[in-house]
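See below for the structure under consideration.
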Amino acid sequence: MKKIVTTSDLTLELGFDLLWQALPAERFAMLHLLNRLQPKLALEIGTYQGGSLQALSRYSRKVISIDIDVSVAGRLKDRFPNVEFRSGDSRKLVPQVVDEINAGAEELSFVLIDGDHSPDVVRRDIENLLELVPRTLLLFIMHDSFNPGCREGILSADWTKSPYVQSVEVDFIPGVFHRYAIGTAEERSMWGGFACAILTPEKRGGPLEVKQSQRHLHDRVKGISIHV
């Protein structure tokens, strides 16, 4: 067992050694949700180095991974035998996967949206996924909801188009402000955070509210960030 000296070591101890660009709170939230749901099928948009995929693969019977980088499948397919890799633009691939799931018998219960972070692409990915007809409790987890571009995409999505959406919380896990540059994050940039949407097979019985519990924090921080 690896000696624990940092918070990151707590997940490395599970054998998650691939680069996982997620805050400790995000990692533990995702691990808890996956352990609780034990998905028969999970879907990930945006795989990159496979950091989150190693958690999805561990707790799910089957995972569909979508990434625009064709090299992702070549690098990771031997490591994750229960993952089906789809390479290409999510604009085309997500509707195909949604149609396949709706027409089949598989129960999708977990979706991680972490692909292109531009507002239009985030909105498009969400709205394409809202064509899903849930057969069981279904969670959408959207990474980097604290980033103004991603947040704009999440908020501009027409969540009401699906009658199965029960709730949306943009600040399910709050993000962070990087005072100094670190890794791929620029100085004074805003990243991280999980938004969460809950869908069920039953249609909602009233109006839908898209909540932003940390909106005041987000807006104040944005005022001193590079995103102004």
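Quick rundown of the values:
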read-out: Segment 46-153: relative contact order in percent, alpha carbon pairs under 8 Å with at least 6 residues between; value: 24
read-out: Whole-Hz ³J(HN,Hα) from phi, Karplus 6.51 cos²θ - 1.76 cosθ + 1.60, for segment 29-39, glycine and proline x; value: 5, 5, 4, 5, 5, 5, 5, 6, 7, 6, x
read-out: From phi via Karplus (6.51, -1.76, 1.60), per-residue ³J(HN,Hα) for segment 57-69 in Hz, x at Gly/Pro; value: 5, 5, 9, 10, 5, 8, 10, 10, 10, 10, 8, 6, 7
read-out: Scaled radius of gyration (Cα, divided by 2.2 N^0.38 Å) that segment 15-119 gives; value: 1.01
read-out: Solvent exposure of the chain as accessible area per residue, Å², 1.4 Å probe; value: 49
read-out: Spatial separation of Cα centroids for segment 175-207 and segment 81-111, in angstrom; value: 22
read-out: Potential extension, Gln96-His227 segment - 0.36 nm per residue separation minus Cα distance; value: 43.8 nm
read-out: Rg over Rh, two decimals, the chain (C-alpha only, Kirkwood Rh); value: 0.95
read-out: Cα Rg over Rh - segment 120-172, Kirkwood; value: 0.94
read-out: Two-decimal ratio, segment 42-89, of alpha-carbon radius of gyration to 2.2 N^0.38 Å; value: 0.96
read-out: Relative counts (whole %) of C-alpha pair distances in segment 19-58, using bins that are 10 Å wide; value: 30, 60, 10
read-out: Carbon/sulfur fraction of accessible area - the chain, other protein chains in place, 1.4 Å, %; value: 52
read-out: Under Karplus coefficients 6.51, -1.76 and 1.60, residue-wise ³J(HN,Hα) of segment 85-97 in Hz, glycine/proline x; value: 8, 10, 10, x, 6, 4, 4, 9, 6, 4, x, 5, 5
read-out: Cα-based shape type of segment 59-192, given that a ≥ b ≥ c are square roots of the gyration tensor eigenvalues and the cut on a/c is 1.5; value: oblate
read-out: Kirkwood hydrodynamic radius (C-alpha pairs) into Stokes-Einstein, segment 125-228, 10 °C and 1.306 mPa s, D in µm²/s; value: 110
read-out: Alpha-carbon Debye profile of segment 88-129, log10 I(q)/I(0) at 0.24 Å⁻¹; value: -0.86
read-out: Percent of beta bridges antiparallel (DSSP, segment 120-228, rounded to nearest 5); value: 90
read-out: Fraction of antiparallel bridges per DSSP, the chain only, in percent to nearest 5; value: 45
read-out: Pairwise label distance in nanometres, Asp120 with Glu107, each label 7 Å out on the Cα-Cβ vector; value: 3.9
read-out: Set of aspartates and glutamates near Lys222 by C-alpha distance (under 18 Å), chain-local residues within fewer than 8 positions excluded; value: Asp144, Glu152, Asp171, Glu186, Glu187
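The values are calculated or read from the model by the stated rules, or taken from the named source; none is laboratory data. As the structure is a computational prediction, the values presented were derived from the model and not from experiment. Cβ coordinates were reconstructed from backbone atoms using ideal geometry, including for glycine residues, and neighbour counts include every protein chain displayed. Side chains are part of the model used for accessible areas, which takes the heavy atoms of the whole protein and leaves out ligands, DNA and RNA. Shrake-Rupley method; radii C 1.70, N 1.55, O 1.52, S 1.80 Å.
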